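Colleague: Pasting a structure here, questions to come.
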Amino acid sequence: MNVVVCVESGPISRATEAALELAGGLGGPTEIVALCATDGPEPELRLTRQMRLSRLVVVREPRFAACDPYVMGQLLACAANHLHASMVVLGSRSDVYGSGMTGAVVAKFLEWPLVSRVESMRLDAAWPTAIISDVRTGGRHARIQIPLPNILTTAPRAPAGGRRRIGTLVAPPATEHLAIETLGMSHELLHSIRNPSTEIESFADKVITAVSAADLMEKLMRIPPP
Amino acid sequence: MANLLVNIDLRAGLPTTSSIFALQAARSVASQLGATVVSMVITGPVALPDLERLARILGESGADRALVCADPLFSRPPFWSDQGRVLRLVTDTLRPRLVFLPAGTASAQLGPPLAVLLGATLVPHASCEISLSNDGEPRLHIARRTPRWDGIESTDALATIRPIVAILKAGRPELVSPGAIEAELELLPMPATTLPAIDVLSSREDAFDAALGAQNLFLLTTDLEVSRLNEMAAMPEGTAIIRNTPDAPASNLDVACPEKLFVLSEQSLPNPPPVVVAARGNIALCGPRKPPGTRFTGVYLRNDLSSPDKLIQDLAAIATGKIER
């Protein structure tokens, strides 16, 4: 079974790190493939032996800079098909805008079930065509069985009560480059790449430091209204 | 903007605090822009008196209409493969330009695929406010924290090409006077689906759920006893305290989206939760330059616990809103 884990260019997020760890722990005859679509640097993977990454595949295209999650999702879906994936795993906020739509676009395009923010995953020994996962939804912490093929997203992994132990790091596999022409994407779609940030106004935070609540309040009072 | 759709999350048959807050936010927008607020409830089987009570609560909170799809399938925890079929039916009919989802884990499941279904932009941790432009035209600001939590991004929902699905951050609903008009109740049929079913093998109450509607959220990574924090006489309503444990991990904080987040740690966190901006001092505040309507305040505290009474006093002062201008 091929499991495709979508990873970012450059340093990867903690949600993607969780995706690699969970996929690596699946067990069984699984091949884990990290997939990155980028116009920038290659992914900086801090791999442990448990992650069991077999391949690192990069699709390079200059127009990917800040491209629309709809286009990126379709591209990843085409690449997952090309790699014969039975399962695609992504970080829960894995687009450059942090909205978390990419997994949903991949799911819609492939018509596979989507479950967001899984906390665990393992192959079901009794029914090898499904994944068992733990997930929180609607006030319940549920253990569920998700039929394959499927799309799963992972929440960022935070340390539980202290520094997380990182195992021995291993070198990533050699990068394989996948030409975008081989993925069967339409030229119209590539030409539709747009940057939705043109509709967004941004306001940067100003960080204040203080030594006490009283000090903090006093500093706040000195700031003029926006 | 004809229809503003609000998905309602239920606990024990009643809307969550975050759902009521989302409904009231929708009412405020709809009243100013002349839209209809349509509430959507997807639930397990409900008796008629309970349905009528639900319609009254939703009406009092601002809904013009209450669409209800009740089926034994929806007694289980919500997933897109189940609830998506109902949302597809409703959105195909209403074609909403704006959808509000309440803060919570159900919205984390339903929000992204719903946005894709509508060809919309998804805005997590959202807040909203209407203002007038210089030429007197209304602007509907949908704002959120940036992905790196170092600022605010705002979009005018009336000027965007795509519809917007906004997962609102938690907030305290206003008190409503009982006896307001009931929402018009409509029962929906159970639509078919083509997606394969997800089986729920077991489920239990989510220890993190109480934190999801909190406006003031304390995350403890220290040994300070929760009982000490509970002593805070001035702890305002809408405050929740959680420990960073495997059962309620801090990684869920980006779903909770409180107005104020307090992280207590005895040392600098090696991997602070995504909503926490590392502090250079003992207390740091992110903000306060914000567009209208956004009131997030993140406070990261480092304390050696040598004087817990002073710490509790400081926290109470911040939580009671004394730092608000």
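Colleague: For the range B:17-50, name all the residues that are surrounded by fewer than 24 Cβ atoms within 10 Å (Cβ to Cβ), in contact with a strand residue (DSSP E or B) (Cβ under 9 Å, 6 or more places away or on another chain) and β-branched (Val, Ile, Thr).
Modeller: B:29, B:36, B:43, B:46
Colleague: Against the definition (farther than 17 Å from residue A:169 by Cα, touching a residue at least 24 places away in the same chain (Cβ under 8 Å), in a strand (DSSP E or B) and more than 15 Å from the chain's Cα centre (by Cα)), how does residue A:59 come out, yes or no? Full working, then the answer.
Modeller: Details: farther than 17 Å from residue A:169 by Cα: yes; touching a residue at least 24 places away in the same chain (Cβ under 8 Å): yes; in a strand (DSSP E or B): yes; more than 15 Å from the chain's Cα centre (by Cα): yes.
Yes; evaluated as a whole, the condition is true for this residue.
Colleague: Considering the range A:74-124 alone, what residues qualify as being more than 30 Å from residue B:208 (Cβ to Cβ), surrounded by fewer than 20 Cβ atoms within 10 Å (Cβ to Cβ) and within 13 Å of chain B (Cβ to nearest Cβ)?
Modeller: A:109, A:111
Colleague: Please go through the range B:118-142 and pick out each residue that is of a type outside the set (Lys, Arg), surrounded by fewer than 17 Cβ atoms within 10 Å (Cβ to Cβ) and within 14 Å of chain A (Cβ to nearest Cβ).
Modeller: Pass one, the range B:118-142, residues of a type outside the set (Lys, Arg): B:118-138, B:140-142.
Filter once more, so that each one left must be surrounded by fewer than 17 Cβ atoms within 10 Å (Cβ to Cβ): B:119, B:131-138.
Those that are of a type outside the set (Lys, Arg), surrounded by fewer than 17 Cβ atoms within 10 Å (Cβ to Cβ) and within 14 Å of chain A (Cβ to nearest Cβ): B:119, B:131, B:133.
Colleague: How many of the residues in the range A:30-56 are part of a loop (DSSP other than H, G, I, E, B) and of a type in the set (Lys, Arg)? So that I can check it myself, show each step before the final result.
Modeller: Within the range A:30-56, the subset part of a loop (DSSP other than H, G, I, E, B) is A:30, A:39-42, A:45-46, A:52.
Remaining after also requiring of a type in the set (Lys, Arg): A:46, A:52.
Result for the range A:30-56: 2.
Colleague: Being buried (at least 17 other Cβ atoms within 10 Å of the Cβ) and either within 14 Å of chain B (Cβ to nearest Cβ) or aromatic (Phe, Trp, Tyr) (or both) is the filter here, so list the residues in the range A:27-66 that pass it.
Modeller: Answer for the range A:27-66, where residues must be buried (at least 17 other Cβ atoms within 10 Å of the Cβ) and either within 14 Å of chain B (Cβ to nearest Cβ) or aromatic (Phe, Trp, Tyr) (or both): just A:64.
Colleague: Do any strands (runs of 3 or more DSSP E) lying entirely in the range B:86-202 carry at least 2 residues that are modelled with pLDDT under 90, and which ones are they?
Modeller: Answer list for the range B:86-202: B:121-132, B:138-145, B:151-156.
Colleague: Let me ask you something else. If I ask for residues that are of a type in the set (Ser, Thr, Tyr) and either modelled with pLDDT under 90 or more than 20 Å from residue A:85 (Cβ to Cβ) (or both), which ones from the range A:31-70 would you list?
Modeller: As a first pass, look at the range A:31-70 and keep what is of a type in the set (Ser, Thr, Tyr): A:38, A:48, A:54, A:70.
Answer for the range A:31-70, where residues must be of a type in the set (Ser, Thr, Tyr) and either modelled with pLDDT under 90 or more than 20 Å from residue A:85 (Cβ to Cβ) (or both): A:38, A:48, A:70.
Colleague: Still on this model: I need the full set of residues from the range A:1-16 which are out of contact with any helix residue (DSSP H, G or I) (no Cβ under 9 Å at 6 or more places or on another chain), farther than 18 Å from residue A:72 by Cα and not in a strand (DSSP E or B), in order please.
Modeller: Listed by number, the list holds a single entry, A:1.
The values are calculated or read from the model by the stated rules, or taken from the named source; none is laboratory data. Note that the coordinates shown come from a computational prediction; the quantities given were computed from them, not determined experimentally. With ideal geometry, Cβ positions are generated from the backbone for all residues, glycine too; neighbour counts draw on all protein chains shown.
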